[in-house]
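Participant: Starting off with a structure, shown below.
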Amino acid sequence: MKCLIAAAGQGTRMREKGEIKPLIELDGVPIIERVIKNLRAGGVDDFYVTSGYRGTKVRGFLDMLAERENIKITHIINEDWERPNGISVLKAKEVIEGPFILTMCDHLFDPEIIKSLLAHDHEDDTVTLCVDYNIENPVVDIEDVTRVSCTRSRIENIGKVIKGYNAFDTGIFYCTPKMFEALEQSGREGDDSISGAMNVLGSWDKARTFDIEGRLWLDVDDPTAFGKAIVYINEGRL
């Protein structure tokens, strides 16, 4: 199974832990290596990584990791890394064929989420977002998390400031090429974010949800989340 990892951003909220976010170490292991390890444990074997800010160093590390672990990693370069995260996904349009997992370089998660997502029966021409229905989840940074208003199968609205939400966006997606169409449409409407594309997909009735059923996930995007990640890693939970 293919997976695209978005790793192009600057990650300014984590600057005190290191200058290049994907390479910041969690208990001696770079974040992006932990993400790849979790994906492999979930069933992914073909990796594509979009790099941008300080991309030469990120790609150099990934080349060493690919050789050390005997895994396939294809580089995608996003020279527009200062723009919203949907651009990093759209850069893969001419490189990735067929369905693929999409996630971020700073999202850690239980590999069982990936296993269950891959075993799910996905509809053609849809994009599925893994959602956390526990909106009281103490792990989540409520000030920064992307919120989702959805039924048990379909997304109605998604964004950081929406009202009436009932789930959180975990940053893990099962994509078909329809994602690229939605990103292009959302861009024409002035929104280059992944959330913008998901709202477009929702308007097309092509945005689906997948319940992670309480499994652990963590967006490591600030020093507080970094500290939580260290605790969970030492407990063997991430």
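The values are calculated or read from the model by the stated rules, or taken from the named source; none is laboratory data. Nothing here was measured: the structure is a model prediction, and the numbers come from that model. Using ideal geometry, Cβ is built from the backbone for each residue, glycine included, and neighbour counts are taken over all protein chains shown. Side chains are part of the model used for accessible areas, which takes the heavy atoms of the whole protein and leaves out ligands, DNA and RNA. Shrake-Rupley method; radii C 1.70, N 1.55, O 1.52, S 1.80 Å.
Participant: Count charges around residue 91 for me, please; just the other residues with Cβ under 10 Å from its Cβ, Lys/Arg as +1, Asp/Glu as -1. Spell out each step's value before the answer.
Facilitator: Values: positive: 93; negative: 79, 80, 94.
Taking every other residue near residue 91 into account, the sum is -2.
Participant: Computed over the Cα atoms of the range 33-72, what is the convex hull's projected area averaged over all directions, in nm²?
Facilitator: Numbers: hull surface 11.0 nm².
Average of the hull's projected areas for the range 33-72 equals 2.7 nm².
Participant: Also: Only four residue types carry charge here, +1 at the Cβ of Lys and Arg and -1 at the Cβ of Asp and Glu. Report the dipole size of the range 11-61 about the Cα centre in Debye, rounded to the nearest 20. If you can, show how the numbers build up before the last one.
Facilitator: Details: 10 positive and 7 negative charges, 41 e Å.
With Lys and Arg at +1 and Asp and Glu at -1, about 200 debye.
Participant: Which semi-axis lengths, in whole Å and largest first, follow from the square roots of five times the eigenvalues of the Cα gyration tensor of the range 156-206? List each step's numbers first, then the result.
Facilitator: On the way: eigenvalues 63, 34, 19 Å².
Largest first, the range 156-206 gives 18, 13, 10 Å.
Participant: Return one whole number: the accessible area per residue of the range 32-110 in Å², for a 1.4 Å probe. Don't skip to the end; give the middle numbers.
Facilitator: Numbers: 3600 Å² over 79 residues.
With the other protein chains kept in place, the range 32-110 gives 46 Å² per residue.
Participant: Provide the descending list of Cα extents for the range 4-106 along its principal axes, expressed in whole angstroms.
Facilitator: 38, 30, 21
Participant: Largest first, what is the accessible-area ranking of 107, 120 with a 1.4 Å probe?
Facilitator: Numbers: 107 20, 120 80 Å².
Largest accessible area first, the list is 120, 107.
Participant: With the full set of protein chains in place, find how many percent of the accessible area of the chain is carbon and sulfur; take the probe as 1.4 Å. Display every interim value, and only then the final one.
Facilitator: Working: 4690 of 10640 Å².
Here it works out to 44 percent.
Participant: May I ask you to list, by number, the DSSP H helices of the chain whose Cα span along the axis is at least 20 Å and whose average Kyte-Doolittle hydropathy reaches -1.0 or more?
Facilitator: Numbers: long enough: 55-69 (21 Å, -0.44).
Helix filter hits for the chain: 55-69.
Participant: So if I place +1 on the C-beta of Lys and Arg and -1 on the C-beta of Asp and Glu, and nothing else carries charge, what would the dipole magnitude of the chain be about its Cα centre? I want it in debye, nearest 20.
Facilitator: Taking the Cα centre of the chain as origin, the dipole is about 240 debye.
Participant: Compute the orientation-averaged projected area for the range 55-165 from the convex hull of its Cα atoms and round it to one decimal in nm². All intermediate terms of the calculation are to be shown ahead of the outcome.
Facilitator: On the way: hull surface 37.4 nm².
Its average projected convex-hull area is 9.3 nm².
Participant: Tell me, what are the semi-axes, in whole angstrom and largest first, of the equivalent ellipsoid of the range 180-219 as set by the roots of 5 times the Cα gyration tensor eigenvalues? Before the final figure, lay out each step's value.
Facilitator: Working: eigenvalues 117, 33, 7 Å².
Semi-axes (√(5λ), whole Å): 24, 13, 6.
Participant: Along the Cα-to-C-beta direction of residue 234, a point sits 7 Å from the Cα; which residues of the range 27-64 have their amide N less than 12 Å from that point?
Facilitator: Label zone hits: 27.
Participant: Using only the Cα atoms of the chain, what semi-axes does the equivalent ellipsoid have when each is the square root of 5 times a gyration tensor eigenvalue? Give whole Å, largest first.
Facilitator: On the way: eigenvalues 120, 86, 63 Å².
Result for the chain: semi-axes of 25, 21, 18 Å.
Participant: Would you please state the base-10 log of I(q)/I(0) at q = 0.17, 0.18 1/Å for the range 123-175, with intensities from the Debye formula using one equal scatterer on every alpha carbon?
Facilitator: Computed log10 I(q)/I(0) values: -0.49, -0.55.
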